[in-house]
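Below is one structure, written out as structure tokens; the observations come after it.
The values are calculated or read from the model by the stated rules, or taken from the named source; none is laboratory data. What you see is a predicted model; the values in this text were computed from it and never measured. Cβ placement follows ideal geometry from the backbone for every residue including glycine, while neighbour counts extend to all protein chains displayed.
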């Protein structure tokens, strides 16, 4: 697993390893949890107040279930670190940020200039999302 390469938060990073969702429920002191593609993020909703880090694994870039997990957590009010880990192509970064991810730990480090360009690529968006950007239709029609 890769190290955190990009982090868009000011708080101190969580160094604790993420435990699985199954183990998390029985560990009252766990502050970090790791979601795998088959896990349901809704299982974490009763515990959001004690979770400081949720790692969402993307074992292959074609598996988009992690995008939904991020959306579910952010819409439920999760404010802790949401870290995408695994196979993260540079062209997915902007979409991952829109869903609420604020840290990235790719298996293969990304070129920083390419990552910055990918994050800046979407000048306008068409729907509201976790990143709080105003959709273009709302800009046009106030």
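One table, with the values for the structure above:
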read-out: Pairs with Cβ under 6 Å, 6+ apart, first in region 2-22 and touching a residue at least 24 places away in the same chain (Cβ under 8 Å), second in a loop (DSSP other than H, G, I, E, B) and surrounded by fewer than 15 Cβ atoms within 10 Å (Cβ to Cβ); value: 2/107; 5/109
read-out: Yes/no for residue 126 being modelled with pLDDT under 80 and in contact with a helix residue (DSSP H, G or I) (Cβ under 7 Å, 6 or more places away or on another chain); value: yes
read-out: Region 110-123 - residue that is more than 25 Å from residue 12 (Cα to Cα) and either in contact with a helix residue (DSSP H, G or I) (Cβ under 6 Å, 6 or more places away or on another chain) or assigned to a loop (DSSP other than H, G, I, E, B) (or both) and, of those, modelled with the highest pLDDT; value: 114
read-out: Checklist (1) crowded, with 19+ Cβ neighbours inside 10 Å; (2) under 14 Å from residue 37 (Cβ atoms) applied to residue 97, failing item; value: (2)
read-out: Contacts under 8 angstrom Cβ, first residue in region 67-85 being more than 27 Å from residue 108 (Cα to Cα), partner assigned to a strand (DSSP E or B), 6 or more apart; value: 78/54
read-out: Number of positions in region 49-78 that are under 19 Å from residue 10 (Cα atoms) and touching a helix residue (DSSP H, G or I) at 6+ places or on another chain (Cβ under 8 Å); value: 5
read-out: Qualifying positions in region 16-40 - loosely packed, with under 14 Cβ neighbours inside 10 Å and closer than 18 Å to residue 76 by Cβ; value: 40
